[in-house]
Each structure stands twice: as C-alpha cells, then as structure tokens.
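The next block holds one structure in the form of structure tokens; read it before the comments.
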Amino acid sequence: MIATKVAFRKLIKFNSINSFIPKRTFTTTQEVVSFYDDKVTRYSEQSIKPVTLKKLLQFGQPPLNTSKLLESAQYTKSELPVRLAQITKEETDIQFAKMLAEIVSAHTDNIPVLARGFQECKKYMSLQDITEFLDDMIRARIAIRLIAEQHIALHNNKPGSNYIGIIDINTNPIKLIKSCANFVKELCEIHYGTSPDITINGQIDITFTYVSVHLEYIISEILKNSYRATVEYSRKMKRKEQPNVEVTISRGNSNNVGIRVKDQGGGISPKDLPSIFDYSFTTVPQDETITDNILADVSRISMQTGLGGPIAGLGYGLPLARIYAQYFGGSLSLMSLYGHGCDVFLRLNDINESFDNLQI
C-alpha cells in the first residue's frame, strides 16, 4: 500500500472539501487517476445550459431513431454532471463533515480494543512483531484522524480564534499543563483520597504552533504516571506530605520547545526500565480487581486511560505518548533514579517553523 503524503501547510489552508482533492496512486504504469472530487470541482465551475420541456420531448418524438437517442444522450451526459456537481458543491461539504464526524466517533475505541486483543494473544506473537504492527497502525490512525478532524473542526472555528481546524497557532503550554493537572488531580483524589500538587516553572510565557489535542494527551499520560507513582511511593515510605510534581518549560530556539516533568515517586527498577516503552508493559498490579467503590473504579481506569477509551493496566500510555511526540519530529524520554523518582523529557517542534517539511 502506498501512503499518500500531504504537506502539513496544506491542512491549515483548507476551507472546504473542494480545497482538498485526493489523488489515487497506482503501482502499475498507469497515470495517477483522480477521485471523483476533482471532476465535481471542474463540473461545478461550468454554466448550466437551460433546456425547455419541449426540447426534451423532441428527443423522444416518433420516429425514435439512433440520431435522436444520441442527441439526448449527449445533452444528458454533458448537462447532468454540471447540475449534480453544483448541488454537490453546495451540500456535500456539510454532509461530508458530518459523515467524517460519525466515522471518527465510531472508531474511538479502536486502540483499547486492539490493546485487549494483543493482551490475549501476545503469548503467540513476538514482541517485535507486535511493536511493528502497532507502530504502523497507530501512525496511520493518527494521520487519518488528523486529516478528518482538521476538516471537521474547520466547520466549528470561530473568527478570531487561535485555531485553524485543530491546529492551535498560539498553543500556551502552561495553560494546557494546568488544565491536564486539574483533571489528573481530581482522578487521583477520587481514587487515592489525596494528590500531589504541581509546580510549573521555566519559560512559562512561551507560545508555539501545535496540535493541542496531541499535546494534551501526552501531558495527561505523563502526569497520570507521576501522580500515581508519587502517591503510592509516599504511602510506601510513610511520608506525611506529598512532594510536588515539578514541570519545567523551556524554549531552546525558535523551533524547539522542551517540557520536563519531575516527580519523587520512587523511580523505576533497573529490571523494568528497558521495558517502559514496550506495549503491554505496566506497573499496575495485574490482580487489581473491580471493587464496590464505583468512583474509585472509574478513576482507576481513567488513571490509565489512553486516547480513545480506557485501557486500564494494559501498558499503552507511554508508548502511545511517545508516538504522538515523535509524529512531528519531537521525542519523549525518561530517566529514572531508582529509590527517588523520574524525570520525563518531552521535546516538541514548533510546527509553524517547519510546515513545508512536515508530512502526514
């Protein structure tokens, strides 16, 4: 299968379905063949040729012969595409956006379903095979959802907004981090009855262009791990107070934004450290079962939630977060000081500085 590459700059220029004319590439010597969309665009720009009912009747008046049928066919063939295309031009964009929204919603739970499936069959497959399949599938999923959600969001963008589709041209890291921290703090308090606070420092006033829903997912996953580890290690060490989770924001140059999340959650043991980015690896005890506390059960699941539904304890949080970080040329790494805590380093590219080179 040949993947279609779309320059990222084009995404923020799309204003309607007609702005994006997908192409189909064949693997034979045939020329590139377009989908019907380009024909719709071409026909919709032509003028309608009015015809009287009398003229239509003349096409079928006896004696009906080949000449008259040919004349009718020629008119029908030339006129119907123009009229249908003009209707399509006016109505299809909204209908298409609605259809895309339904498709995106219908496939929301794909990742959790796959996670559970591979959890059941991983003993029959090698880790390398699982990783290669899931990496390719998830990257393809990100691309498909990005293109679809970009078009859907164009219908909802308000004048003066920082958003062009789902691309936030003025992403504010501190605002997003605070929002994610509030969400994770609530989950942590419901489940554990307590939660660490967060400290944010560094270059807190910076803004950059990014797909904020991607960054929101990455930050949420990192914070959930840090909050959970901090609370559980505090209980283990009988600490009276929860040490803060510290987040530092930096901008090394015009194209590079760094975020470090530092916790005192005890770190990761040397034997587990090489596996932290493996699919299905988790530090959640496998014997955790559903209890009678519904709120606690919901929060426990949410504390291990991945984009598109709960994957509690299935170990997909960090691998997914790293793929999202790498998708636009960034990176996600972790350093552990066992017995103390972890530092997670997130590096992101300001996509405004590299639109022409980014492809999805």
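The values are calculated or read from the model by the stated rules, or taken from the named source; none is laboratory data. Worth saying up front: this structure is predicted, and the values here are computed from it rather than measured. Neighbour counts are summed over all protein chains in view; Cβ atoms, including those assigned to glycine, are modelled from backbone coordinates with ideal geometry.
Here are some notes:
- The set of residues from the stretch 135-189 being more than 22 Å from Gln326 (Cα to Cα) and part of a loop (DSSP other than H, G, I, E, B) comprises His155, Asn156, Asn157, Lys158, Pro159, Gly160, Ser161, Asn162.
- Thr199 buried (at least 17 other Cβ atoms within 10 Å of the Cβ) and not in a helix (DSSP H, G or I): no
- Gln150 vs. criteria surrounded by 16 or more Cβ atoms within 10 Å (Cβ to Cβ), within 14 Å of the chain's Cα centre (by Cα) and not assigned by TED's automatic domain parsing to the domain that holds Pro274: yes
- Condition met for Ile130 (surrounded by 13 or more Cβ atoms within 10 Å (Cβ to Cβ), in contact (Cβ under 8 Å) with a residue 60 or more places away in the chain and within 16 Å of the chain's Cα centre (by Cα)): no
- The sole residue among Asp292, Asp278, Asp287, Asp297 that is modelled with pLDDT under 90, part of a helix (DSSP H, G or I), surrounded by fewer than 19 Cβ atoms within 10 Å (Cβ to Cβ) and of a type in the set (D, E, K, R) is Asp297.
- Of all the numbered requirements in (1) over 16 Å from Phe345 (Cα atoms); (2) touching a helix residue (DSSP H, G or I) at 6+ places or on another chain (Cβ under 6 Å), Asn170 misses one, and that requirement is (2).
- The set of residues from the stretch 96-110 being of a type outside the set (Lys, Arg) and modelled with pLDDT of 75 or more comprises Ala97, Met99, Leu100, Ala101, Glu102, Ile103, Val104, Ser105, Ala106, His107, Thr108, Asn110.
- When each of Gly330, Gly339 is tested for being surrounded by fewer than 17 Cβ atoms within 10 Å (Cβ to Cβ) and at pLDDT 70 or above, the lone residue that passes is Gly339.
- Among residues that are farther than 28 Å from Ser275 by Cα and either hydroxyl-bearing (Ser, Thr, Tyr) or in contact (Cβ under 8 Å) with a residue 40 or more places away in the chain (or both), Ala97 is included.
Residue-by-condition table, conditions (1) closer than 20 Å to Gly330 by Cα; (2) surrounded by 14 or more Cβ atoms within 10 Å (Cβ to Cβ); (3) not assigned by TED's automatic domain parsing to the domain that holds Ile94:
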site: Asn156; (1), (2), (3): no, no, yes
site: Pro159; (1), (2), (3): no, no, yes
site: His191; (1), (2), (3): no, yes, yes
site: Glu221; (1), (2), (3): yes, yes, yes
site: Ile249; (1), (2), (3): yes, yes, yes
site: Ile259; (1), (2), (3): yes, yes, yes
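- Verdict on Ser226 being crowded, with 23+ Cβ neighbours inside 10 Å and among the small types (Gly, Ala, Ser): yes
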